[in-house]
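Below is one structure; the comments refer to it alone.
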Amino acid sequence: MNRLAKLKAINVTMLICAAVCLACYDIFGGLWLTGVTSCWFAALGILNFAACQKSGCTRLRAVGLITAGLVCGPLADVLLGINFILGVLFFAVGHIFYMLAFFTLKKPSKRDLYLYLPVAAVSVF
């Protein structure tokens, strides 16, 4: 099995683990399960960032920003149970990382910004 096939198999396995955790959360509840689910996604991002870095990916910056957003997710999930405002802030920071990643992949047009800014303003409030 070559390196890419192994990476795909690991990705699928990790996604299945995340789906199982999410199903268990829906059935049993518990804040810790949502944190575990988010950790699977963060680990998936870190794994793929490392693979991208090793292979000399041309879009490493975007992958790194998406990974940073994925890492903010589990922190936000846990913080929601401890300090709601801090948890929401971490979710916001994660989404800012996602937005920056997409802007590195494609420069936004003025129309994109006109559509984005009202949504961002409403989200802040």
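The values are calculated or read from the model by the stated rules, or taken from the named source; none is laboratory data. Here the structure is a predicted model, which means the values were calculated and not measured. Cβ sites come from the backbone with ideal geometry, for glycine too, and all protein chains shown count toward neighbours. Accessible surface areas use protein heavy atoms only, side chains included; no ligands, DNA or RNA. Shrake-Rupley method; radii C 1.70, N 1.55, O 1.52, S 1.80 Å.
Would you say Leu7 is touching a residue at least 24 places away in the same chain (Cβ under 8 Å), over 20 Å from Ile96 (Cβ atoms) and open to solvent by 30 Å² or more (accessible area, probe 1.4 Å)? Working first, answer last.
Values: touching a residue at least 24 places away in the same chain (Cβ under 8 Å): yes; over 20 Å from Ile96 (Cβ atoms): yes; open to solvent by 30 Å² or more (accessible area, probe 1.4 Å): yes.
Judged against the criteria, Leu7 is a match.
Can you spot a residue in region 30-45 that is open to solvent by less than 70 Å² (accessible area, probe 1.4 Å), in contact with a Cys (Cβ under 7 Å, 6 or more places away or on another chain) and within 22 Å of Lys106 (Cα to Cα)?
no
Take region 56-88 and flag every residue that is closer than 18 Å to Cys39 by Cα, surrounded by 15 or more Cβ atoms within 10 Å (Cβ to Cβ) and among the aliphatic types (A, V, I, L, M).
Scanning region 56-88 gives Val63, Leu65, Ile66, Ala68, Leu70, Val71, Leu75, Ala76, Val78, Leu79, Leu80.
Tell me the residue from Phe91, Phe97 that is within 24 Å of Ala120 (Cα to Cα), without any contact (Cβ under 8 Å) to a residue 24 or more places away in the chain and part of a helix (DSSP H, G or I), please.
Phe91
Among the residues of region 39-67, which ones are in contact (Cβ under 8 Å) with a residue 12 or more places away in the chain, basic (Lys, Arg) and part of a helix (DSSP H, G or I)?
So the first thing to find is which residues in region 39-67 are in contact (Cβ under 8 Å) with a residue 12 or more places away in the chain, and the list is 39-49, 51, 59, 61-67.
Then drop every residue that is not basic (Lys, Arg), which leaves 59, 61.
Of everything in region 39-67, just one residue is in contact (Cβ under 8 Å) with a residue 12 or more places away in the chain, basic (Lys, Arg) and part of a helix (DSSP H, G or I), namely Arg61.
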